[in-house]
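First comes the structure, then the notes that go with it.
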Amino acid sequence: MTENLIKQKILVVDDDLGTVTLLASRLEAAGYIVLKGYNGQEALAVVKQEAPDLIILDRMMPKMDGLKTCALLKSDTRFLKTPVIMLTASAEKSDQDLSIEVGADAFINKPVNIPELIHKIQELISRK
């Protein structure tokens, strides 16, 4: 991996420990630094402290779901340009539309196709 890639920080937020562990393992193997959160409130705290280069948010979480978390992040000018990828188990077009409406930059269905996710991460970070 390139030196530039190694320094990229990605925040993975999902209430499912297995999903966070799997994504973190695969992203670290691809050369990323991975930060973890398990709900929207934790995500907001980590973002303010660590300023990740990209955020992967689960749509359905306790305490604060991915939609509200994304909307709050995008309403803060410090994080307006931070790319957000929304993950969901729902294949409904309305869920995808809502995610984009609140500011998500991409939408990926679960189960996550890791090569597709890494490609999307590279694409979004290169645009930033």
Next on the checklist: Per residue of the stretch 13-30, what does 6.51 cos²θ - 1.76 cosθ + 1.60 with θ = phi - 60° give for ³J(HN,Hα)? Whole Hz please, x for Gly and Pro, Karplus curve as stated.
Outcome noted: 10, 7, 6, 9, 4, x, 5, 4, 4, 4, 4, 4, 4, 5, 6, 5, 5, 8
Checklist entry - For MET64, which sequence-distant residues (separation of 5 or more, or a different chain) have an amide H within less than 5 Å of its own amide H, given hydrogens modelled in the peptide plane? => result GLY40, GLN41
Item to check | Loop sites in the stretch 56-117: trypsin sites (Lys or Arg not before Pro), DSSP, at most 14 other Cβ within 10 Å | outcome: LYS63, ARG78, LYS81
Next on the checklist: On the Cα set of the chain, report Rg and Dmax in Å, please.
Outcome noted: 13.1, 39
Item to check | In nm, spacing of pseudo-spin labels at LYS68 and ARG127 (7 Å Cα→C-beta vector) | outcome: 2.7 nm
Next on the checklist: Under 25 Å between alpha carbons, and skipping anything fewer than 8 positions from LYS36 in its own chain: which lysines qualify?
Outcome noted: LYS7, LYS9, LYS48, LYS63, LYS68, LYS74, LYS81, LYS110, LYS120, LYS128
Item to check | Phi-based couplings in Hz for the stretch 69-74 (Karplus 6.51, -1.76, 1.60; Gly and Pro marked x) | outcome: 4, 4, 4, 5, 4, 6
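Every read-out reported here was derived from the displayed coordinates using simple, explicitly stated rules and does not represent laboratory data. These numbers come from a predicted model, not from an experiment. Neighbour counts are summed over all protein chains in view; Cβ atoms, including those assigned to glycine, are modelled from backbone coordinates with ideal geometry.
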